[in-house]
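Shown next, in structure tokens, is the structure this report addresses.
Bear in mind that the values in this text are calculations on the coordinates, not laboratory data. As the structure is a prediction and not an experimental result, all values here were calculated from the model. Here the Cβ positions follow ideal geometry from the backbone for every residue, glycine too, while neighbour counts run over all protein chains shown.
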Amino acid sequence: MKMIDKRLQTYRTYQRFTRILLTICGCWYMPTKSDKSMHYYSICVLLTMIMMTMVTLHTSYIHRHNLGNMMKNVGFAITGLSTILKVVSFTINRGSLINYHRILNDLFEEELMRNDKIRTIIFSSLHTMYILTYGYFALATTLLLLYFAPSYLLIIRGLLHFHLSTNYTLPISRGYGHFWTVPDNFLYHLHLVFETTLTGLSGLMACSVDSFFGFYVYQFTSTMRAMNFRLTNPLPTEKFLDLLRMCVAKHQRLLRCRDTLEHVYGPIVFWHIVTNAILLCGLMYDAMPFSDFKRISMFLAYAVVKFVQTFTYAWYGTILTNASEDFRNGIYFGEWFNSSLDHHVRTNVILIMMQKPITINAIYSPVNITIFTNFVNATMSYFFLLQSIDEGLETLHRDGRVAMIEFSLRRIVNHYSTGILGVDSCVIPLELRLYFCNQWTRHILKLTIFR
């Protein structure tokens, strides 16, 4: 009993944690006493993310001739666009999310308060879920702190020597990505705080929305596992017919919740799959041949976050599908084949068994582990495509250079044949049929070949 109460407390902490993250990011949708303030705060978050996206896109345009720096800033820009997509999606679908939250939360709480066996089934996967959420948050926070640490360490070092130094580079804009000139005074530090806030907010947005998807899936799967347990292990006082009717009604409500979850998160998952694959292949291409430690560390840090993000979505989707399959198996191995049940009950059971498992679709594909493997394959395919294009361009450049050398040598031949160079005799490659001996002529030939 104490163990179950401890797990219940852990669940409440997990629930509060995800809610606090969503509130900080301006995506909490349930009505509160400060509902208007929350609405205005969401608008402020949206405007700041738009500003961050514009600054990073401008910085990437400035670095358009440097693939590494350009892809780095494009990554920041895509993070800003992802934040905009999430805020807009949660704001537009606020009514649907409120209805979804009430239905799913009521179903979950109803199963949670039944008995200790049901609670044990519900809390069986809680540890894995909250560990993944806390670990994702800790990873993102650690990488953000490491990224901004050098600038703040320089400021602290200057303050220890009673000097407020501006001898550091702004982490995002580099000091020249803004559409205005950043002054070299106290306002420079304000720009650092501003960029830190924007980046931290975008990182929290990723953690909160991604983790809340996992929280939704946990409530979904736990409810279906509890229903499955009740079907396969009915109490002596419960009739299977009543249990079946109750589970069928709950299953229909869960299907409506699935539609809302897919409508909100489908475009978000699709966006992350496509953009993460493109960015990772670009950063991998820039980090090759892994000789620059700074580029390697940047690629590894970014790759770890994006792989974890993509894997969590795929894994959550797989858990949801497996729980749906288990529920269908629970109905199949129940007592529905008992001859005392009428044919209407059997018909309803067959109709449920004919339904596909509950899945979340990312526009074109179901969200499961398969989509993660497709993501890895797409990343490597884009990478090898870039390598092939680069090798082709190098070949064209080399062939063009050889053609330029041949053209220059032909001009020298023509000049010599007309007597412009006026040189003495000395044999070089027979196919040119030229005789050079003058040092000045050799110098021209050397410059032409190694130009």
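Separation of segment 168-189 and segment 59-78, taken as the distance between their Cα centroids, equals 17 angstrom. Here r is the Cβ-Cβ distance between PHE179 and THR128 and R0 is 41 Å; the resulting FRET efficiency, rounded to 0.05, is 0.35. Bridging of LYS6 to lysines at a Cα separation below 28 Å is possible for LYS117, LYS250, once same-chain residues fewer than 8 apart are set aside. Among GLU325, GLU111, the ranking by other beta carbons within 10 Å of each residue's beta carbon, starting with the fewest, stands as GLU325, GLU111. Distances between placed amide hydrogens fall under 5 Å for ASN361 paired with VAL367, all partners being 5 or more residues away or on another chain.
Could you sort 136-144, 274-282, 202-210, 6-14 so that the peptide with the highest average Cβ count within 10 Å comes first and the rest follow in order?
Working: 136-144: 16.1, 274-282: 20.3, 202-210: 23.3, 6-14: 14.4.
Top of the packing list down: 202-210, 274-282, 136-144, 6-14.
Expressed as a fraction of 2.2 N^0.38 Å, the value expected for a compact globular protein of N residues, the C-alpha radius of gyration of segment 118-213 is 1.53. ASN167 to LEU139: FRET efficiency via 1/(1 + (r/R0)^6), r the Cβ-Cβ distance, R0 22 Å, to the nearest 0.05? Efficiency for this residue pair is about 0.10. Charge tally for TRP28 (other residues, Cβ to Cβ under 13 Å; Lys, Arg +1; Asp, Glu -1): +4.
Phi-derived couplings, Karplus 6.51 cos²θ - 1.76 cosθ + 1.60 at θ = phi - 60°, listed residue by residue for segment 276-283: 5, 5, 5, 5, 5, 5, x, 5 Hz, with x used for Gly and Pro. Seen from all directions on average, segment 204-316 presents a Cα convex hull projection of 9.5 nm². What the phi angles of segment 318-331 give under the Karplus curve with 6.51, -1.76 and 1.60, with θ = phi - 60°, is a coupling list of 5, 4, 4, 5, 5, 5, 5, 4, 5, 5, 4, 5, x, 5 Hz, glycine and proline written as x.
In segment 203-283, a dipole from Cβ-located charges (positive for Lys and Arg, negative for Asp and Glu) runs towards its positive end, and of LEU244, ILE278, THR221 it is LEU244 whose Cα lies farthest in that direction.
Inter-label distance, SER37 to ARG157: 4.1 nm, where each label sits 7 Å from its Cα along the C-beta direction. Here, segment 50-157 has an Rg and a Dmax of 21.4, 64 Å when only alpha carbons are counted. Between LEU190 and LEU385, the simple spin-label model (points 7 angstrom out along Cα→Cβ) gives 4.5 nm.
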